[in-house]
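**Student:** I'd like to ask you about the structure that follows.
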Amino acid sequence: VEVVGGTPRIDLEDAFTQGDLNMDGFSVLKMFIPPGKAKRETYLELSKIMKKTPGVCNFTLEIQISPKEWVTLKPPPNFKVNLCSSLIKDWENICGNGTVTAQFPKISWGNSRKRFKDEG
């Protein structure tokens, strides 16, 4: 993002659509559960959130069971979510800000556009 004359501008070649973010295997999604929330009632609420946003994104659950101990769970391959604002908002309402993270591949566009010669 670049600010020109007080107006933010973005090069659309550097932007990703929600469809891009949800392409199978494009993003690595991690959802964290803090120690105070690691209980059955919370798991049921979070399960409902994930089920109402089905999609193609794989994810892992990182459950903090003590200040120094984490458990990582990977759901079955057929249980995937849609990376969207409602998933993040609903999850963070229960587990706190920053408990959903997504990592995306670093893409270098470089000179990806080729110039075509007019052969006419």
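**Student:** For a quick check of your reading of the filter: which chymotrypsin sites (Phe, Trp or Tyr not before Pro) in region 53-95 sit in a DSSP loop and have no more than 12 other Cβ atoms within 10 Å?
**Tutor:** In loop regions of region 53-95 (DSSP not H, G, I, E or B), there are no sparsely surrounded chymotrypsin sites (Phe, Trp or Tyr not before Pro).
**Student:** With the alpha-carbon atoms as the only input, what is the per residue convex hull volume for region 24-100 in Å³?
**Tutor:** Expressed per residue, the convex hull around the Cα atoms of region 24-100 is 89 Å³.
Coordinate-derived values only; no laboratory data. This structure is a prediction, so every number in the text was calculated from the model and none was measured. All Cβ positions, glycine included, derive from the backbone under ideal geometry; neighbour counts span all protein chains shown.
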